[in-house]
1. For the condition more than 23 Å from residue 175 (Cα to Cα) and either touching a helix residue (DSSP H, G or I) at 6+ places or on another chain (Cβ under 8 Å) or loosely packed, with under 15 Cβ neighbours inside 10 Å (or both), what is the one hit in 48, 53, 18?
2. Spot the failing condition for residue 26; the list is (1) closer than 20 Å to residue 215 by Cα; (2) more than 16 Å from the ligand (Cβ to nearest atom), and only one is missed.
3. For the condition at pLDDT below 95 and surrounded by 13 or more Cβ atoms within 10 Å (Cβ to Cβ), what is the one hit in 197, 171?
4. Is it the case that residue 176 is away from the ligand (no atom under 16 Å from the Cβ), surrounded by 13 or more Cβ atoms within 10 Å (Cβ to Cβ) and either farther than 26 Å from residue 53 by Cα or more than 12 Å from the chain's Cα centre (by Cα) (or both)?
5. If a residue has to be touching a helix residue (DSSP H, G or I) at 6+ places or on another chain (Cβ under 6 Å) and closer than 22 Å to residue 131 by Cβ to count, how many in region 172-183 make the cut?
6. Could you grab me the full set of residues in region 72-95 that are within 12 Å of the ligand (Cβ to nearest atom) and buried (at least 22 other Cβ atoms within 10 Å of the Cβ)?
7. Of everything in region 142-163 that's surrounded by 14 or more Cβ atoms within 10 Å (Cβ to Cβ) and farther than 15 Å from residue 218 by Cα, which residue is modelled with the lowest pLDDT?
Ligand code: UTP
């Protein structure tokens, strides 16, 4: 059975306007897919994490503590998603090594340690579990030539090389709550481990399903 790692943004799972109907549909899709694949899912923190980080920053907390606030929220989100699916773990692992050992068809986790986002956790899991594909589900249609939430003329890219991404964004972690399409430490692992990575809009469940199934999808393929 193939292994798939899915990193799902908090902005997809729990945006400002939380939609339980969407969550139910997502859960149903994952339950269907886990008959074909071993699924590891990493949940992001999204706007709720950024609110905590924003308050902590105003209170003068250091970066590590801000990251820890973010990690805590990603784990709450993991707990929510895992409880929606009967065949998933109910105790959320705090490292990728722990996650790898869990034998339920679906394994859900959040963040691990400060200094990166959950994309890096997903890339690390994909490397450790020798996953066939790493899918990053975000709230836009893949990777753009500039931020589509800021620029109306941003162009969606069907494909981009890992070297170009590293040239554009680097391999370093910038700061807690940073909202970039894929964080630098994740890009580093994707390149070094040669992980087949797709970026797709997780709100469009039809496209997400296609990406997981390795069928043509509207999003971005990262060329290795
Ligand atoms: P996310 O992975 O959610 O980052 O982690 P994000 O870029 O905001 O992604 P979306 O919006 O969910 O798509 C939230 C914050 O938690 C900390 C970081 O500060 C990150 O910005 N974090 C998360 C860690 O320090 N380590 C982790 O393993 C995960």
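The values are calculated or read from the model by the stated rules, or taken from the named source; none is laboratory data. These figures come from a predicted structure and were not determined experimentally. Cβ sites come from the backbone with ideal geometry, for glycine too, and all protein chains shown count toward neighbours.
1. Numbers: 48 fails: more than 23 Å from residue 175 (Cα to Cα); 53 fails: more than 23 Å from residue 175 (Cα to Cα).
Step by step, each of 48, 53, 18 is checked, and only 18 is more than 23 Å from residue 175 (Cα to Cα) and either touching a helix residue (DSSP H, G or I) at 6+ places or on another chain (Cβ under 8 Å) or loosely packed, with under 15 Cβ neighbours inside 10 Å (or both).
2. (2)
3. Values: 197 fails: at pLDDT below 95.
Checking each option against the conditions leaves just 171.
4. On the way: away from the ligand (no atom under 16 Å from the Cβ): no; surrounded by 13 or more Cβ atoms within 10 Å (Cβ to Cβ): yes; either farther than 26 Å from residue 53 by Cα or more than 12 Å from the chain's Cα centre (by Cα) (or both): yes.
Considered against the rule, which asks whether it is away from the ligand (no atom under 16 Å from the Cβ), surrounded by 13 or more Cβ atoms within 10 Å (Cβ to Cβ) and either farther than 26 Å from residue 53 by Cα or more than 12 Å from the chain's Cα centre (by Cα) (or both), residue 176 comes out as no.
5. 2
6. 73, 74, 77, 78
7. 148
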